[in-house]
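Reading through the structure tokens given below for one structure.
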Amino acid sequence: MNITIVGTGYVGLVSGTCFADSGNDVTCVDINEEKVRMMRNGVVPIYEPGLEIMFKRNVREKRLEFSTQLSQAVKDAEFIMLCLPTPPGDNGEADLSAVLSVAHELGSLIKSYTIIANKSTVPVGTADQVHEVIASLTDTDFDVVGNPEFLREGAAVEDFLKPERVVIGTRSERAAERMKLLYEPFVRSGNPIILMDERSAELTKYAANAMLATKITFMNEIANICERVGANVDNVRLGIGTDSRIGKRFLFAGHGFGGSCFPKDVKAIYKTAEDNGYEFKIIKSVMEVNDAQKVSLVRKIEQYYKGDLKGKTFGLWGLSFKPETDDVREAPSLYIARALASKGVRLKVYDPEAMENFKTAIDDKTNDAITYAYDQTSAIKDVDALIISTEWNEFRRPDFEAFLKLMKEPLIFDGRNLYDLDRARRAGLKYLSVGRPSVNLDAPKANKRTKYSA
């Protein structure tokens, strides 16, 4: 089948590459000429595990091509997948300007029956808007389908190749049959293709992300209570996660969620409800709690130092909003860095993949207070404390003796609860995490020659 992917962000590039790998001819379109040039030369512009090998194979076999010209890319397309940004405006409403702009172009370009599928996360009613725009410009037969993606950054390739479900929103039998045929290679293990109307498909994506964001936020609230009553959120998590009605996933406490999806989508579904005369109170609380949670470590740091932070230097491990991605959009690290730099703190930061994106995302004034370390060890040399913001696997088993030898004080503020409390205690670390008892806070400053007993 001939497929055109419009937009080559995480969703577009992963979707295009995976469709090509299943034997389709795919053209990915992007207005960024430099990005297209890089991809034509075999350079993957994003970090996503498993993507590069598949990408290069399909480029080499000429099933995956790239263009800046929409008119050329859609010439023989049977499917046009819109994978365009829908960023939130100041009021939380999703900005559909990119989607509707492309729809206007398509109205004069499609010459035979074509399926236009919205893979972008879009507000309820977007398929109707896109259909109206295109229909006003052409007499050619076409269908607009809601086909939301459910890809996790860091596991997007696996999620696309082995989806738990495929949602197709259309009332057209013709479009439904063609879409099912397109996705058939990915659901051979029996996972469902779910057919529904366009508006339900659009709302399904928002509902899924809002539910997961709510689950994370609920556990962060529980963690905050644990800290006040002397309980351990890890034990609470085990106690409720074994209940099949609740499940084990998305129950890990931390210092807030970020990324390109959850923050944007909870704002958008709240705005949709508001526009239709309904106050989505749970989601309003989710947004408020998450905003506060992102700087919860800063409050702990201020409390530990009794507000006297000026002149301190902290290491910061992890800049991406989650491991296995270079995406820093809405990452807690951004909020932490800005807050601490404004208080006269210097930071030595390290991330395996996200440092360039972080440099671009952070403001110049904050960046002046940052040193970019070349590895995790150099990021803790001569620092007053270490902050952990992202749960990269390489941070999970550090050299604990290095903390004692290299840091001015072996003090860790952990926003992802990476370390076992007993092990941290035996190692001689001063350790503050989320929703768990603090360790060794009353201990004197450790002798840097002290050996720890694991």
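The values are calculated or read from the model by the stated rules, or taken from the named source; none is laboratory data. Because the structure is a prediction, the values reported are computed rather than measured. In this analysis, Cβ positions are derived from the backbone assuming ideal geometry, glycine residues included, and neighbour counts consider all displayed protein chains.
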| message | For the range 222-232, check the following and say yes or no: at least one residue is under 23 Å from ILE283 (Cβ atoms), among the β-branched types (Val, Ile, Thr), touching a helix residue (DSSP H, G or I) at 6+ places or on another chain (Cβ under 8 Å) and assigned to a helix (DSSP H, G or I). | response | yes
Going through the range 73-97 in order, the residues found to be in contact (Cβ under 8 Å) with a residue 40 or more places away in the chain and out of contact with any strand residue (DSSP E or B) (no Cβ under 8 Å at 6 or more places or on another chain) are PRO85, ASN91, GLY92, GLU93
GLN129: passes all of (1) surrounded by 15 or more Cβ atoms within 10 Å (Cβ to Cβ); (2) within 17 Å of ARG174 (Cα to Cα); (3) out of contact with any Asp or Glu (no Cβ under 8 Å at 6 or more places or on another chain) but (2)
Exercise for the section: Tell me, please, whether a residue that is among the aliphatic types (A, V, I, L, M), closer than 18 Å to PRO185 by Cα and surrounded by fewer than 20 Cβ atoms within 10 Å (Cβ to Cβ) can be found in the range 42-51. Expected result: no
How many residues of the range 245-258 are in contact (Cβ under 8 Å) with a residue 60 or more places away in the chain and either over 23 Å from PRO332 (Cβ atoms) or surrounded by fewer than 20 Cβ atoms within 10 Å (Cβ to Cβ) (or both)? The answer is 1
- prompt: Could we say that VAL383 is of a type in the set (A, V, I, L, M, F, W, C) and in contact (Cβ under 8 Å) with a residue 60 or more places away in the chain here?
  reply: yes
The residue that is nearest to MET219 (Cα to Cα), considering only those in the range 435-454 that are in contact with an Asp or Glu (Cβ under 7 Å, 6 or more places away or on another chain) and at pLDDT 95 or above, is GLY435
Using the structure shown, decide if PHE358 is among the aromatic types (Phe, Trp, Tyr), surrounded by 18 or more Cβ atoms within 10 Å (Cβ to Cβ) and at pLDDT below 95. no
Legend entry - Verdict on LEU64 being closer than 21 Å to ILE168 by Cβ, crowded, with 19+ Cβ neighbours inside 10 Å and not acidic (Asp, Glu): no
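Yes or no, residue by residue, for (1) modelled with pLDDT of 95 or more; (2) under 19 Å from VAL145 (Cα atoms); (3) not assigned by TED's automatic domain parsing to the domain that holds SER15:
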{"residue": "LEU64", "(1), (2), (3)": "yes, no, no"}
{"residue": "GLU78", "(1), (2), (3)": "yes, yes, no"}
{"residue": "LEU82", "(1), (2), (3)": "yes, yes, no"}
{"residue": "GLY89", "(1), (2), (3)": "no, no, no"}
{"residue": "GLU93", "(1), (2), (3)": "no, no, no"}
{"residue": "LEU100", "(1), (2), (3)": "yes, yes, no"}
{"residue": "ALA103", "(1), (2), (3)": "yes, yes, no"}
{"residue": "LYS111", "(1), (2), (3)": "no, yes, no"}
{"residue": "ILE115", "(1), (2), (3)": "yes, yes, no"}
Worksheet item: Is it true that some residue in the range 170-179 is outside any strand (DSSP E or B), among the β-branched types (Val, Ile, Thr) and without any contact (Cβ under 8 Å) to a residue 60 or more places away in the chain?
Response: yes
GLU149: passes all of (1) charged (D, E, K, R); (2) farther than 22 Å from VAL122 by Cβ; (3) assigned to a loop (DSSP other than H, G, I, E, B) but (2)
If you go through ILE362, ILE336, the only one that is in contact (Cβ under 8 Å) with a residue 24 or more places away in the chain, within 17 Å of PHE257 (Cβ to Cβ) and touching a strand residue (DSSP E or B) at 6+ places or on another chain (Cβ under 8 Å) is ILE336
Within the range 327-355, of all residues that are within 10 Å of the chain's Cα centre (by Cα) and crowded, with 20+ Cβ neighbours inside 10 Å, the one nearest to PRO410 (Cα to Cα) is ALA331
